[in-house]
Structures are given as C-alpha cells and as structure tokens.
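In what follows, a structure is listed as structure tokens, so that the remarks can point back to it.
The values are calculated or read from the model by the stated rules, or taken from the named source; none is laboratory data. Note that this is a predicted model, so its numbers are computed, not measured. Counting neighbours? That spans all protein chains shown, and the Cβs are built from the backbone with ideal geometry, glycine included. Side chains are part of the model used for accessible areas, which takes the heavy atoms of the whole protein and leaves out ligands, DNA and RNA. Shrake-Rupley method; radii C 1.70, N 1.55, O 1.52, S 1.80 Å.
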There are 2 protein chains.
Amino acid sequence: MARSSRKQEILQAALGCFTEYGVEATTIEMIRDRSGASIGSLYHHFGNRERIIAALYLEGIGEYAARLEAGLIETLDAEACVRLFVSSYIDWVVANPDWARFVLHNRGRVEAGEMGDRLREVNQAHGERVGAILRRHRESGAFRRMPSDCFIAVVIGPCHDMARNWLAGRSRTALADVRDLLADIAWASVRA
Amino acid sequence: MARSSRKQEILQAALGCFTEYGVEATTIEMIRDRSGASIGSLYHHFGNRERIIAALYLEGIGEYAARLEAGLIETLDAEACVRLFVSSYIDWVVANPDWARFVLHNRGRVEAGEMGDRLREVNQAHGERVGAILRRHRESGAFRRMPSDCFIAVVIGPCHDMARNWLAGRSRTALADVRDLLADIAWASVRA
DNA sequence: ATAATTCTAGAAAATTATTCTAGTCAAAAC
DNA sequence: GTTTTGACTAGAATAATTTTCTAGAATTAT
C-alpha cells in the first residue's frame, strides 16, 4: 500500500458518508467501516473527528483555489478575468459535486472549530493573491467602483446560490447550462 | 412563568451557545446550563438535539419569509419588487445577526436530518407564493428572460455572500451601507 | 541486520446523548 | 371542593459515540 494512501482512503470514506447521511449523522464507526481502517489508524492520521472534516474541507477548497489562480495568471483582460471566476467555479462544481456540496455547507463548522485559524490563513492568502490580480483591472478603470467585498459577492454570489440549489436537486435547470448566462450577468454587473 | 416560555428560553440558550461555540461543539448539557432547564424538560419539548436545531432554523426563516411576503403583496412595480428582495434581506440580517448566521450556515444540516421533509415543504410553499407574484412581472416582460432558478440566485446570491462575510467579521464594509448598491445591481442584472 | 519511525489494531476510558421513572403543578371535570 | 387529566420538570440510569492508551506490525533509514 502506497504511503499515506490510508489517509486518503479515510478521507474518501468520510466524504462518502457525509454525502450519504450528512456530517452530523456519520459516526467515526461508519467511517472506520467504509474505509476499512481501524480506530487507531483513524486517530493516528487525524487526531479527532473534527480534524477529518477540516482536512476534507481544506483539500477541497485548495484544489479549486489552485485551479482558479492558475487560470487568472494567464488572463490579462478584465472581462475574461470575471468570466473565468464564474466558469472555473461552475466547472469545478459540476466535476466534483460531492466535494462541492460538502464545501458549500461546512465552512461555518470548520471556521468555528479548532482549525478555524488555519482556514482563515489559507483563505486570506488566497484572497490576497486574487485581490492583487484584480487590483490592476480596478485601477485601470475597467470596473464599476464598489467596495472589493461587494465585487467578489456580486461576481460569485449567484454562482454559489445556483450551485447550492442544483446540488440539492432543487433546480430544474442544469448547472452547466447557465454557465455563460451567469458569466454575462457577472460581467454586466461589475463593468464600468 | 408564561406557558411555553421555557421552550423559548431553551431556543434562545441554544442560539447563544451555537453563536459562541458553534453548533458542533455545543452539548445538550451546555444548553441545559444556559437555559436553566433540566434534561427532562429539554427532551420533553424537543425530543432530541437535532430537533432543537431544526426548530431554531424553521423559526428563523419563518420570520424572514413572513416579512418578505408581507412586503411583496403591497409592491406592484417590478423594480420595487426586486429592490424589496434585497433590502428586506439585508435589513433582517442586520437586525438579527445571530439568527442570520445560524440560518446561513445550517440549512444543509437541517435538510439532511429528520426534519428535512418538513423544511422542504415550508420552503416550497414559500417559493410558490413568491413565484406567483414574480410571474406577473415576468409575463409582462419586465425582466430579462432567464430560468427562474437563475433569477432568484442572481437577485439574492450577492446578498447571501455579502451577509456571510459581514457576519463572520471578514468584511470591512458595513452591510447596511451596501444595501442600495446591491439593490441597484440586482435590478440592473434582471431588468429586460 | 537493527534501530527508529510510522502506522495499525482494538480494548478501555471518558464524554455525550437519550430514555425512563417519579414526580409537581395548573386547569378542567365532576 | 375534590379528583382527574395532561402538560411540564427533574435527575438518575442507560445507551451511544468519541477519544485515549498500550501493544505490536510494517516500513524506512543507518
């Protein structure tokens, strides 16, 4: 067995349980069962239940953030930049629905817990890198003037809501089908 | 002691604990302590921990939904209607921050749990009443054509994100100060 | 080969949630 | 005015779940 594969097996088992039964309702025993690991192994790798949740969360947003930043670096045009925000988010959700659902519903839990500081660090670092890229466009006058908090919320907020509904099976519209519409609206909302 | 005041005391105590320590970390014992109730009383009123969470959630969205619907009934103009969505949401969050934070972060938990069906019923009924009001405007051509799922997400999504950030103390901008800006953007995003 | 380290195992202990029995209290029925 | 009924409270007992702990297997480094 490859090194630390057990750790990944546990995380995958946990995500499976969380998706199927909800985070609250899954017990350590269920994760142990599905992963084939022992209690000892589980606690060796993660220390406690909460850190399993936090690890899954951090890995999820990490992958998405990396993708977004990689794309942004190559994108010089303000409009393309805004559209990339929308489309890379939608693409990630469509490609990783279980992970996306978990991440969308558990930020508060992780932030309130012992890994909260760690998460805030990671988010802040990511936010600053993205912010630096956006600042160029803002200063060049490509965007309507508004607080930067608002800018992010306006661009990605509709995607979050739409994804949440789609992931919960509440949406009659396929998420992938509204990618371009949401990108249009996002750009129209923030252009100068 | 007025009838069923104990029940409300327990709910308030629970919300206090959830705000202070997070939902995961608060135990029945902590709620018992803060409310002054006994274990027996707690279980008499709610049956289990999850139903305390669900009751708090349902009461929270209920109050907000009632306010919104009351406003919508008196609003005949399409633009005013969209602005009302934004402003009544922001006003509610500013007036009830703890409750708003709890509701924003625990929808998934309640939906996944035993009260999930009940919540979906309530949400669907609310959605249909609101949808009926919006349909008039849509059919009169006041709105840009888009799936109704998208419409809601575009109007209220930025508010959700902004509120989430503000409630978590991540926002430098006061939420009340961007109410009109968000309403402007919402209307610009959905007008024909 | 052997020492060091990481990892796995599962029983034992601790913590937390829930059930259960025994009541109190206030109002309705008689 | 007492009895009865049902809602409510109490806390001990029980059950479920998480966490700790000790021992040993597997892997890596020396």
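A:Glu24 falls short on exactly one of the conditions (1) more than 13 Å from DNA strand C (Cβ to nearest atom); (2) open to solvent by 60 Å² or more (accessible area, probe 1.4 Å); (3) in contact with a helix residue (DSSP H, G or I) (Cβ under 7 Å, 6 or more places away or on another chain), and that condition is (1). If you go through segment A:94-118 and keep only what is open to solvent by less than 40 Å² (accessible area, probe 1.4 Å) and touching a Lys or Arg at 6+ places or on another chain (Cβ under 8 Å), you end up with A:Leu104, A:Gly108, A:Glu111. Residues in segment A:1-21 that are open to solvent by less than 10 Å² (accessible area, probe 1.4 Å) and within 20 Å of B:Glu24 (Cα to Cα): 3 in all. Being among the basic types (Lys, Arg), away from DNA strand D (no atom under 12 Å from the Cβ) and touching a residue at least 12 places away in the same chain (Cβ under 8 Å) is a property that A:Arg83 has. Identify, by number, the condition in (1) over 23 Å from the mean Cα position of the chain (by Cα); (2) at pLDDT below 95 that A:Met30 doesn't meet. Failing condition for A:Met30: (2). Would you mind finding the one in A:Asp184, A:Asp161, A:Asp180, A:Asp149 that is in a helix (DSSP H, G or I), in the same structural domain as A:Asp91 (by TED's automatic domain parsing) and in contact with a Ser or Thr (Cβ under 6 Å, 6 or more places away or on another chain)? Unique residue meeting the criteria: A:Asp149. Among the criteria (1) under 16 Å from the mean Cα position of the chain (by Cα); (2) within 28 Å of B:Gly108 (Cβ to Cβ), the one A:Ala70 does not fulfil is (2).
Restricting attention to segment A:132-145, the residues being open to solvent by 20 Å² or more (accessible area, probe 1.4 Å) and either in a helix (DSSP H, G or I) or not basic (Lys, Arg) (or both) number 9.
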